[in-house]
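Single-structure report; data block below.
The values are calculated or read from the model by the stated rules, or taken from the named source; none is laboratory data. Just so you know, these numbers come straight off a predicted model, no measurement behind them. Quick reminder, even Gly has a Cβ in these numbers, built from the backbone with ideal geometry, and neighbours come from all protein chains shown.
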Ligand SMILES: Nc1ncnc2c1ncn2[C@@H]1O[C@H](COP(=O)(O)OP(=O)(O)OP(=O)(O)O)[C@@H](O)[C@H]1O
């Protein structure tokens, strides 16, 4: 059973088709990247999945049943990009309050909060106020309050923003662990290298519509351009072959694009015939950043408003 099924979801504002017929499914344990340029509709989509906004059309199925925010919200953890913490409240009290708001009893809340505070080395923060924390420390606290009730669906909007590499790794490891234990993660970010590292599946949204959906591996395969890197003890000179074009020529390393009708073996054959000593040979797949730019190319830098007629 899918953790989440989004079917033909729409949210139109008078001045914008914020989400315009988006469908996707999310499996248990999947780490799912929700990508798109500014104004694409990601936040609007997330707000519908978290019950903050009501869709104009379409359906959300959560754990096999039509999404009922009152019932299901306890199983969903949402960490928005903007901080939702009370600046003047003591950190321990705040974590306890939020845990109980998510339906945990006082005793369980205390046990869970303590567990996470020890794990993230935050015990000494208990009696401090949020306003005393740095941006990164607040981010860490926000992550803890999002996951401490073990939600089945976790939505993280730019979770690494403001975190140093050590704390980023700490949170990354927790994301992997939560997914391993069956929670599904929706990860929204503009940092493509993080998506590449963490996510197993992505969708790309542009102007309110889904323009790409697939596993990270499949998407990279789909956009590959037959580019290979070959490492050589010494580059032959001149290099002249109908099999490939040289894209980049560095000492001991050539980047090649194989021409239509030829195979990687033909490249190897050429260099063997040149009696070159081959040290390495591998395919170069496009990065998600390159794919993203290619797909949204031509889109104006800022999304223009479109008048919605009923
Ligand atoms: N309350 C609103 N009223 C009218 N239009 C809105 C409203 N909220 C969002 N929009 C419009 O809907 C579109 C989608 O906005 P949304 O915030 O969902 O984008 P996003 O993908 O989250 O962008 P970003 O990456 O910049 O955060 C934008 O064109 C925005 O101007």
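Odds and ends about this structure:
- Residue count for region 86-95, restricted to those that are in contact with a helix residue (DSSP H, G or I) (Cβ under 8 Å, 6 or more places away or on another chain) and crowded, with 17+ Cβ neighbours inside 10 Å: 4.
- Selection within region 34-73 - within 13 Å of the ligand (Cβ to nearest atom) and not in a loop (DSSP other than H, G, I, E, B): 34, 35, 42, 43, 44, 45, 46, 47, 48, 49
- Condition check for residue 28: under 21 Å from residue 308 (Cα atoms) and part of a loop (DSSP other than H, G, I, E, B): no
- For first residues located in region 30-52 and assigned by TED's automatic domain parsing to the domain that holds residue 154, partners that are within 11 Å of the ligand (Cβ to nearest atom) and assigned to a helix (DSSP H, G or I) and lie 6+ apart or on another chain with Cβ distances below 8 Å form the pairs 34/42; 34/45; 34/46; 35/42; 36/42.
- Elements of type helices (runs of 4 or more DSSP H) in region 87-166, at least 1 residues being touching a strand residue (DSSP E or B) at 6+ places or on another chain (Cβ under 8 Å): 91-101, 135-147
For every residue, the table says whether it meets (1) over 19 Å from residue 201 (Cα atoms); (2) under 20 Å from the mean Cα position of the chain (by Cα).
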| position | (1), (2) |
| --- | --- |
| 4 | no, yes |
| 13 | yes, no |
| 21 | yes, no |
| 24 | no, yes |
| 32 | no, yes |
| 39 | yes, yes |
| 49 | no, yes |
| 66 | yes, no |
| 71 | yes, no |
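- Candidate set from region 165-188 (those that are farther than 19 Å from residue 118 by Cβ and touching a helix residue (DSSP H, G or I) at 6+ places or on another chain (Cβ under 6 Å)); member that is surrounded by the most Cβ atoms within 10 Å (Cβ to Cβ): 185
- Hey, residue 108 under 22 Å from the mean Cα position of the chain (by Cα) and either more than 16 Å from the ligand (Cβ to nearest atom) or surrounded by 14 or more Cβ atoms within 10 Å (Cβ to Cβ) (or both) or not: no
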